[in-house]
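Below is one structure; the comments refer to it alone.
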Amino acid sequence: MLCVVRSLGLSGVNGYEVRAECDLSNGLPAFEVVGLPDAAVKEARDRVRAAIRNCGFSFPVSRITVNLSPADRRKGGTVYDLPILTGILAAGGQLPPPPEDAALVGELSLGGALRPVAGMLPMALAAKRAGIKTLFVPADAAAEATLAGDGLTVYPVENVTQLVHHLQGKTTIAPAQRWEPDAQPVSCPDFADVKGQDQVKRALEIAAAGGHNIAMIGPPGSGKSMLARRLPSILPDLSPREALESTEIHSVMGLTSREMPMVTIRPFRAPHHSISATGMAGGGSPIPKPGEISLAHNGVLFLDELPEFHKDVLEALRQPLEEGEVHITRSAASETFPSRFMLVCAMNPCKCGWYGQPGNRCRCTPQEVRRYLGKLSGPLLDRIDLYVEVPALTFDELSRKPQAESSAVIKERVNAARAVQARRFGPDGPDCNAHMSSVEIQRYCPLDEPSRAVMEGAFQRMGLTARSYDRILRVARTIADLDGADSIQVCHLAEAIQYRESSYFRR
């Protein structure tokens, strides 16, 4: 007999429908899985056989052939355990076949319990696109599957016996309710605890208001990492669309849980400087997986000790910073992952960290300083919008109690500026000023004659590129939005220009 059970698979961060065609025929007992399965899928034979027996069913003494269709796409993971088991039992007459508009996914334990699988949300969204109305999933993954929205009924299944009783009509599984995030605010480090560094906090506020990339340069212990880790506390809340996009990526990488199935705050990724180019941009074999830049999508990618990263890792950032996505090609598959993130960098001015500081503490020669800063290529530096120097704090600043603005106050100004941008661009435009195209820059960033003269002088004196020119205008537009101005004025442009270059790179 033949039984076809609908299921789902993953390709990159997108789901697609898979049909498990289970056939029982005469011949020598055998159990074959075809359809380009990987090792994890092939091992499903042993898990399914043990689960069937341990749940009190008879394993068919037949020639069993399972075809995972479409057969020309490589299948990976343990998601097909449950549909294979269901198909075998239904083909052998031990279980009614599931409804035609139902799909099943889940990994089996040898005792028949269901375990969650990675990528539940993108698979649930693919189920809706395929016209599937009912989805049977492991109980621990049900909350995430409900994020796909209305039109899809999700049944949380604890074990095979519970599923069998439901399909036989003996006991009904209660559908899972749509998961809603907790209204309690998430605790983040607050800018109110930061002593001094007013100019740096101003630059971070501008970066947050416009989604701009920023680099902080200063000696050890000046607070660069501390300031960077407080940036998420002033970023705007995720929109529903952004939350789903980020959750899909984290789900594929297995970073969601039963307690927190959805990404509710902007991601903050801080990889170690020993990371590889594949770990940063994504990849792997045979099916590429997202990297750190995709996990930081709609959030912050913080690179501490920037010059210590391998050159190929830093150069891998160049295209995603421009396009907002990364294209990964391997022999078995080609995938495109979203990677629209804020790049936040921190670095010392030299190897020992004390170049340019009082007290003659720097032990580096001028050649060593140039070699250290020379690790960063011009094209990468050109893609950073703001440079800000983080000076070492004085004794008086350290000994005083902090009297700085709280993150909540700064966030109000950031949200007001983002609201201006949302009205300006509309629902189909860019999310923030940093994502404006050249056409939108010409439309929304016109310069009057005084501003044009200032810009022309800076262009000639600083040797700016066309990319630098556009980035200065984007930052100036953000400063004007924070100031509540309808147009870019000279003061806004002058502030944007001063953030364009650090004195360390001019020495």
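List of remarks:
- Residue count for the range 184-207 under the criterion of being hydrophobic (A, V, I, L, M, F, W, C) and in contact with a strand residue (DSSP E or B) (Cβ under 8 Å, 6 or more places away or on another chain): the result is 5.
- Leading residue by the ranking (least open to solvent (accessible area, probe 1.4 Å)) among those in the range 341-398 that are within 25 Å of Glu315 (Cβ to Cβ) and among the basic types (Lys, Arg): Arg383
- Consider the range 1-53 and keep the residues that are β-branched (Val, Ile, Thr) and part of a strand (DSSP E or B). The one that is surrounded by the fewest Cβ atoms within 10 Å (Cβ to Cβ) is Val34.
- Flag if Thr146 is of a type outside the set (A, V, I, L, M, F, W, C) and touching a Lys or Arg at 6+ places or on another chain (Cβ under 8 Å): yes
- So Ala392, is it in contact with a Ser or Thr (Cβ under 6 Å, 6 or more places away or on another chain) and at pLDDT below 95: yes
A quick yes/no check of all residues on (1) part of a helix (DSSP H, G or I); (2) touching an Asp or Glu at 6+ places or on another chain (Cβ under 6 Å):
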{"site": "Ser222", "(1), (2)": "no, no"}
{"site": "Met226", "(1), (2)": "yes, no"}
{"site": "Glu248", "(1), (2)": "yes, no"}
{"site": "His272", "(1), (2)": "no, no"}
{"site": "Thr278", "(1), (2)": "yes, no"}
{"site": "Pro286", "(1), (2)": "no, no"}
{"site": "Asn298", "(1), (2)": "no, yes"}
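- Extreme residue, modelled with the lowest pLDDT, among residues of the range 454-507 that are hydroxyl-bearing (Ser, Thr, Tyr) and closer than 18 Å to His212 by Cβ: Ser502
- Long-range neighbours under 6 Å by Cβ, at least six apart or interchain, first residue of a type in the set (D, E, K, R) and in a helix (DSSP H, G or I) within the range 454-468, second modelled with pLDDT of 95 or more and surrounded by 13 or more Cβ atoms within 10 Å (Cβ to Cβ): none
- Some residue of the range 434-445 being surrounded by 14 or more Cβ atoms within 10 Å (Cβ to Cβ), touching a residue at least 12 places away in the same chain (Cβ under 8 Å), touching a strand residue (DSSP E or B) at 6+ places or on another chain (Cβ under 6 Å) and not in a loop (DSSP other than H, G, I, E, B): no
- Considered as a group, the residues in the range 228-246 that are hydrophobic (A, V, I, L, M, F, W, C) and part of a helix (DSSP H, G or I) include one that is most open to solvent (accessible area, probe 1.4 Å), and that residue is Leu244.
- Among residues of the range 252-265 that are more than 16 Å from Arg115 (Cβ to Cβ) and open to solvent by less than 50 Å² (accessible area, probe 1.4 Å), those with a beta-carbon under 9 Å from a residue that is among the small types (Gly, Ala, Ser) and in a loop (DSSP other than H, G, I, E, B) at least six positions away or on a different chain give the pairs Val252/Gly12; Val252/Ala118; Val252/Gly119; Val263/Gly299.
- Number of positions in the range 116-138 that are open to solvent by 10 Å² or more (accessible area, probe 1.4 Å) and either assigned to a helix (DSSP H, G or I) or over 23 Å from Pro290 (Cα atoms) (or both): 7
- Apart from one condition, Glu335 fits all of (1) in a strand (DSSP E or B); (2) surrounded by fewer than 19 Cβ atoms within 10 Å (Cβ to Cβ); (3) modelled with pLDDT under 90; the exception is (2).
- When restricted to residues that are modelled with pLDDT under 90 and surrounded by fewer than 12 Cβ atoms within 10 Å (Cβ to Cβ), the range 401-433 contains 4.
- Scanning the range 8-66 for residues that are more than 30 Å from Gly283 (Cβ to Cβ), charged (D, E, K, R) and in contact (Cβ under 8 Å) with a residue 60 or more places away in the chain yields Glu21, Asp23.
- Counting residues in the range 299-320 that are surrounded by fewer than 17 Cβ atoms within 10 Å (Cβ to Cβ) and among the hydrophobic types (A, V, I, L, M, F, W, C) gives zero.
- When the range 54-68 is filtered for residues that are assigned to a strand (DSSP E or B) and of a type outside the set (S, T, N, Q), the ones remaining, listed by number, are Arg63, Ile64, Val66, Leu68.
- Arg73 being closer than 30 Å to Thr336 by Cα, open to solvent by 30 Å² or more (accessible area, probe 1.4 Å), in contact with a Ser or Thr (Cβ under 8 Å, 6 or more places away or on another chain) and not in a strand (DSSP E or B): yes
The values are calculated or read from the model by the stated rules, or taken from the named source; none is laboratory data. What you see is a predicted model; the values in this text were computed from it and never measured. Every residue, glycine as well, gets a Cβ built from its backbone with ideal geometry; the counts of neighbours run over all protein chains shown. Side chains included, ligands, DNA and RNA excluded: accessible areas come from the protein's heavy atoms. Shrake-Rupley method; radii C 1.70, N 1.55, O 1.52, S 1.80 Å.
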